[in-house]
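Every number in this text was worked out from the coordinates using simple rules, so none of it is lab data. As the structure is a prediction and not an experimental result, all values here were calculated from the model. Neighbour counts run over all protein chains shown; Cβ positions are idealised from the backbone, glycine included.
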Amino acid sequence: MIPSLSRRRILRGMLGGSAVTVGLPLLDCFLNGNGTALASGAPLPVRFGTWFWGLGHTPGRAIQVKDGTDYAFLENCAALIPFKEQINFFTNFNTPTDGEPNIPHDTGHFAGLAGNCPSAYGDVPSPTFDVLISDSIGQASRFRSLEVTASGNPRDSLSARGTGNFNAAEASPFKFYTRLFGPEFADPNKADFKPDPRVMVRQSVLSAVKDEASSFAGGLGNADKARMDEYFTSVRQMEQQLALQMQKPPPAEACRVSASPGENTPIGTEIFTAINTHKIMTQLLVMAVACNQTKVFNMSFSASASQYRKPGDSATNHTLTHEEPVDAALGYQPISDWFVTRSMESMATFIDAFAQVREGGGTLLDNCMIFAHTDTNYARLHALDGIPMMSVGKAGGRIRTGMHIAGNGDPVTRVGLTMMQVMGIAVDQWGTRSLKTNKPISEFVV
Amino acid sequence: MMGNGKGASVPLSVRKGLLIAALAAVALLANAAADPPRKKTLGLAITAWRTALYETPDGKEECPDGLNLGGDQIWLATLTPEQKDKLTRHGTVETTQLRDYALERGPHGEDVCWNPAVVKDPPQKTVQGKKSFGINLDGTEDGRATSKTCGHEKFVTPDGSKGIDNQWYRVIGCTYGWRAAGGYTEEMPNGELRDGGHPILVEITGIDDLRNSKDVQVAFFHATDGMIKDNAGRILPNSSYRVAKDYLYATRGRIVDGVLTTNPIDIHFPFYAHFMHSERFIKDARLSLNLAADGKSAAGLVAGYYDLDSFWSYMARIGELFTVAHFDCPALYEAVHRLADGYPDPKTGQCTAMSAAFGVEAVSGYIIHPDTKTAGMSQPADQVR
Amino acid sequence: MVPSFRHCLAVVAALALFGCGPSEPGSSGGPPQVRRLTEEQYRNTIADLFGRDIKVAGHFDPLNRTDGLLEIGAARAAITSSAFEQYDLIARQIAAQVVDEDHRDVLVPCSPASPTGADAACARAFFARIGPQIYRRPLEAKTLDRLVEVSCGAASSVHDFYAGLAFGLAGMLETPEFLFLADYTEPDPDHPGQRRLDVWSRASRLSFLLWNSMPDAALMQAAQDGELNSRRGLRRQVERMLDSPRLAQGVRAFFADMLGFDTFDTLAKDPIIYPAFVQQVTDDAQEQTLRTITELLIAKKGDYRDLFTTRETVISGSLGLVYDVPVAKPDGWVPYSFAVDDPRAGIITQLSFVALHSHPGRSSATLRGKAVREIFLCQKVPDPPGNVNFSLVQDTKNPNYKTARQRLTAHRSAPTCAGCHKIMDPMGLALENFDGAGQYRTTENDTPIDASGEVDGIKFTGTAELGKVVHDNPATTSCLVNRLYGYAVGRPPAAGEKDWMKYLQAGFAENGYRIPDLLRLIATSDAFYAIAPAPGPAPAAPGRSASAPPPTGARS
């Protein structure tokens, strides 16, 4: 029995095949996973997302800290200036490793995402907190969450359930569009709606699949059982999608679907190609969110050891951060710095896309909380302490924004804990060992 | 002769002979000690052909009377205002759409490109300037008639070489479709060539040194494999090309300061243009190619006497391009026959070929001959690197 | 039981084949595995089930390389929501094709009473035939009933018999029974207290190892008849499969995994620096090496170690451009031998190695050295430390840093770096004559390249000698055995298999390091099918199937 479906009043069409007209009250897809909020008249849903870029900032060129919570963006982040009022910038939060190795371009971000220091590349022993959030608020959407990358590599995703398996990232704009807005998409603003009897058949097929899978799972060892749990979660998500297809989706004022990107849209690690891919993918993602296809999203602008390169240059961004000499006059590595600024420009593109969508009395950005983060404080040295983090968006009014918040050496997990609480998850403690914390950052919570 | 009769002294002639023999022996030894340097081979695939056309930005130097009109414009000029209005439906139909009318305007409805002599159009505007690319083909300085040529004017190259024969340039140099701005007529076939077309191959063997080689053999082949492009559309060097069995022309040449020149030979050059297979028949064809020092490319000229029949059979079939290339078949036909300067017909004295020069670009490649074993092919140590 | 004459003959034959070497040592086996089918296994299976012309269009989640192999990662792989979405989409597309007018006459064994409604009898005939093939074991009665029920319900609902079949079929292709290669076990009558793979799992394990696809009809029949539990019967099947041209598919799949060819999917070379490295080259580079491998190891039954020294390979038109050699048939594949003194000798000098283990715009001695260690010698190189000080490497005022060798010298003198770089760089530096795209060069930045190196104390110059060093290194062959066995069972060798692994290595050597012989040794052993108890219950074979009594498991 699937808990979420039980709260639906679905008219099961007769298998004799007569057309079924559906006249339902507003769906409770605007309820969170616990069903504690009202359907109609409720505040618009708060969405959660992450935006990741590899290789950090150039020290001293990102922000200038001022009195109190005031700060100013510097050269690296010039593109973010128009959005400062939506952004909180966290500094001085550290990543204690308790003796685990500092795995370059790995420990830095997984500590803050999973509350755990990995012991090897590919090891993510607990779920990243976006998964915890999507498990809570994402059940009732067509997609529990959407993972996207601009690099062309589906492996560039940081979202994981803790079994060692990552949620693969969408890498092709054309395929992403087809998945979102292809034949399975139900336009919320279309006037007419007729449920397809084939969908009901697929529901009964999935039910049989689950029965089959249950007897298979029954005979497995513990490690394999956990993997089967993930399988069942995935089947349930498909059932959820089918259930949504049986009902007219509530109108979404901000939903406007444009044409598909071409099948041969170039993707690759040449920096300008990646910037362009990011722009296209961002548009698709924003459309998906505005059309209520998901409430949780993860965008990976670049991999943690970013392989992006300028055309004609033999060195990638990552190689440069280690091999490029610090310019004596400038005091930093010029080309590596150039890449940092490009990353922040793309972050601005991402933020702007959400800010352009009108929703309710404000914008989609007002109803989002986006965790922008990276893997290091200084790529040249794989520095772990004081890794820059930001929150972007007003989370529907649940948080204060525009502040600099200093961590005083506290563990990075305070940020994730706070964000989970803001998103309505009943958690008071998170992380393991020295990353364990029960102190949310109350300064920015309303 | 030295000697007093006492003791045998070697007669001078013998002494000389011995000396010569000794010197010869030394020379022989010296030659044997030094191995002759290995002769090298360079394979080239020709990636582009263009009429070598000298032009100035505003065209005034070479075409003081302006450029040629297309056949459609010429035909339109013959219409009365009422005829024009009716045909263009009060000006709503583009004149280029009326191409078929312009083409089939012979007195009995003949296509005037297949039958260019049936109408008389205003004459072709020919080049009036003095400069042209090309080669001195007839060996004269002044272009006077010889047993193999008709009298004609000569050109000077832009960098001052005199005695250049290029009547094809004279005829076509003021025609939009062959000039840089409107070069569709020749760029389209180059594009088709680059899109996997089959290039003409030039194989140079017997090379001592890429900069200077006194005597090399030059053979022309036709590839049966297409060219491969990189992501930017450039043809890549080091491709392998199999050759058509029945196509071969061979001549000799020499390389001087990196420039290969060859002895004249009649060659039919097949090419694919505007969706048709065609050929250029060039008599006394010669190469003048600058070979790049790294052995990966070359550029220069193919010059010779372009046979008029070969030329016209191509022109007639692309006649319908006159609207976009701005040429007029009857005028063009008349001009090439009037200005042709090579191979006079023994009966009529009318020259049957025109001096011409085509600019070519080439990229290096491996030329695979049909008798090469397919298995166990080794790295050829004799290829120019 | 009194041995029959034929049994004696078989034993004599076995001895003759394996010589008078030691007999197979006991082995604990390892825990049962549940491996997600790889994309290629999925595609091969669909082709075997329904024919090559059925299109499989969709994307498959990547697997994580674990202990050197994707196949071991498959044993940890789960199915995420987005992956399930894709499987569902692909399954529905496959099913739609199977029942369409072009295919139904061949793939559906009967005709319905009416095409616009349900027909339980025909549906039953369809699923009874296809079900055991899809699940790779007999269908349970209740499963068959459920399939018929779902399919008939669907047919009635949409007024289309064939669509009803397609719904049911699509569902089958989404079950874990299909998507995972699971080790089902039963008690081992020859070793009381232990378990062993049941016959259906034997068939699957054998088939995916040797042919990278589902068991064929003959193998399923052999399983059904109990042949796979008898030494002779098992050998007969193994010989049949080793003799088949399909062996190449299995060997290719193993080496593509071991050599890390999955990273070709995201390989990019800078088109300005390496214009000759067009997309076709990435496909052809893999194909070249795989063909070199199958030609040497299967067709010629050659010594595995010769892969590192052979100058015989195949070449295509697009590869000819990068290797800068003439290609007799530029539109196909032709055999090609590099000259006796050519630096290209062995698969380490082929593009699939040197271009894969490089950066987009430059070579990398470190990446290549690391790859030689990890791929061919099974030696794990520790991860780089977090707090490296790179100021040493960045002293570009020194005019001595023109070549990679010169730059990396600093890498290897700083104490924090030297430990690991000493075991990587010297190997990679010998390959510096090949640039980032694998093209040959003699200079870098106008300075001649010095291709000398050292591996574990053995000095050499040039790539041919590097190949010889790898050829002679004992770790090379033991690594191969380790990887092949891990690939076969979906896990690294277990502690209780130490003697068994030693036995395999000895057998490999005795047989002249021939891969088909090693495969035979593995596939006909007891150890390969032994299962050690896992924590928690092991998947038991499903109950008695409707069609045949279970095999008794007695050796004949």
Which whole-Hz couplings ³J(HN,Hα) result when phi for each residue of segment A:186-193 is put into the Karplus expression 6.51 cos²θ - 1.76 cosθ + 1.60, θ = phi - 60°, listed in order with x for Gly and Pro?
10, 5, x, 9, 6, 5, 8, 8
Inter-label distance for A:ILE81 and B:LYS245, nm, one decimal - labels placed 7 Å from Cα along Cα-to-Cβ
7.5 nm
Eight or more residues apart or on different chains, and alpha-carbon atoms under 26 Å: count the Lys pairs in segment B:198-315 matching that.
6
Helix-only [θ]222 nm of the protein assembly as shown, DSSP H runs n ≥ 4, -39500 (n - 2.57) each, per residue, nearest 500:
-10500 deg cm²/dmol
Short version: ³J(HN,Hα) in whole Hz for each residue of segment C:490-503, in order, from phi by Karplus 6.51 cos²θ - 1.76 cosθ + 1.60 (θ = phi - 60°), x for Gly and Pro, what are they?
x, 7, x, x, 7, 4, x, 9, 4, 5, 4, 5, 4, 4
Compute the FRET efficiency between A:ALA259 and A:LYS175 as 1/(1 + (r/R0)^6), taking r as their Cβ-Cβ distance and R0 = 22 Å, and round to the nearest 0.05.
0.90
C:ASP100 to C:ASP283: FRET efficiency via 1/(1 + (r/R0)^6), r the Cβ-Cβ distance, R0 51 Å, to the nearest 0.05?
0.95
Considering amide H positions built from the backbone, and no H for Pro or chain starts, which residues 5 or more places from A:PHE297, or on another chain, come under 5 Å of its amide H?
A:PHE48, A:GLY49, A:THR50, A:LEU146
Under the definition of Cα pairs under 8 Å and six or more residues apart, what whole-number percent is the relative contact order of segment A:63-160?
15 percent
Given contacts defined as C-alpha pairs under 8 Å and at least six residues apart, what's the relative contact order of chain C, whole-number percent?
20 percent
Inter-part gap, Cα centre of segment C:259-293 to Cα centre of segment B:182-215, in whole angstrom, is 29 Å
Sites C:VAL381 and C:ILE458 - FRET efficiency at Förster radius 22 Å, r taken between beta-carbons, to 0.05:
0.75
What aspartates and glutamates does C:LYS422 reach when the alpha-carbon gap must be under 18 Å and sequence neighbours fewer than 8 apart in one chain are set aside?
C:GLU374, C:ASP383, C:GLU432, C:ASP450, C:GLU454, C:ASP456
Which angle from 0 to 90°, rounded to the nearest 10, does the C-alpha axis of helix C:161-172 make with the longest principal axis of chain C?
50 degrees
Want the number for B:MET276 to B:ASP58: 0.36 nm per residue separation, take away the alpha-carbon distance, what's left?
75.2 nm
Taking a cut-off of 17 Å between Cα atoms, list the aspartates and glutamates near A:LYS394, but don't count ones fewer than 8 places away on the same chain.
A:GLU85, A:ASP352, A:GLU359, A:ASP366, A:GLU443
Using alpha-carbon pairs under 8 Å, 6+ residues apart, how would you state the relative contact order of chain B in percent?
23 percent
When a footprinting reagent is the concern and you count Cβ atoms within 10 Å, what order do C:HIS471, B:HIS108 take, fewest first?
B:HIS108, C:HIS471
Tilt of helix C:415-429 relative to the longest C-alpha principal axis of chain C, in degrees (0 to 90, nearest 10)?
80 degrees
Test of understanding: ordering C:PHE254, A:PHE232 by Cβ neighbours within 10 Å, fewest first, what list do you get?
A:PHE232, C:PHE254
Could you list, in their original order, any pairs among A:LYS175/C:LYS370; B:LYS40/B:LYS162; B:LYS125/B:LYS154; B:LYS60/B:LYS162; C:LYS301/C:LYS502; A:LYS175/C:LYS329 whose Cα atoms are separated by more than 25 Å?
A:LYS175/C:LYS370; B:LYS40/B:LYS162; A:LYS175/C:LYS329
Segment C:301-309 - phi-based ³J(HN,Hα) in whole Hz, Karplus 6.51/-1.76/1.60, Gly and Pro as x:
6, x, 7, 3, 5, 5, 4, 8, 10
Using the number of other C-beta atoms within 10 angstrom as an exposure proxy, rank C:PHE460, C:PHE508 with the fewest first.
C:PHE460, C:PHE508
Modelled label reach - B:GLN217, point 7 Å along Cα→Cβ, segment B:288-304 residues with backbone N closer than 18 Å
none
At 7 Å along Cα-to-Cβ for each site, give me the label-to-label distance between A:LYS439 and C:ASP53 in nm.
7.1 nm
Rough spin-label spacing in nm, given labels placed 7 Å along Cα→Cβ, for A:GLN356 and C:ASP265
3.1 nm
Amide H neighbours of B:LYS40 under 5 Å, counting only residues 5+ apart in sequence or on other chains, H built in-plane at 1.01 Å?
B:GLY206, B:ILE207, B:ASP208
Other-chain or far-sequence residues with amide H under 5 Å of C:ALA182's (modelled H):
C:ARG35
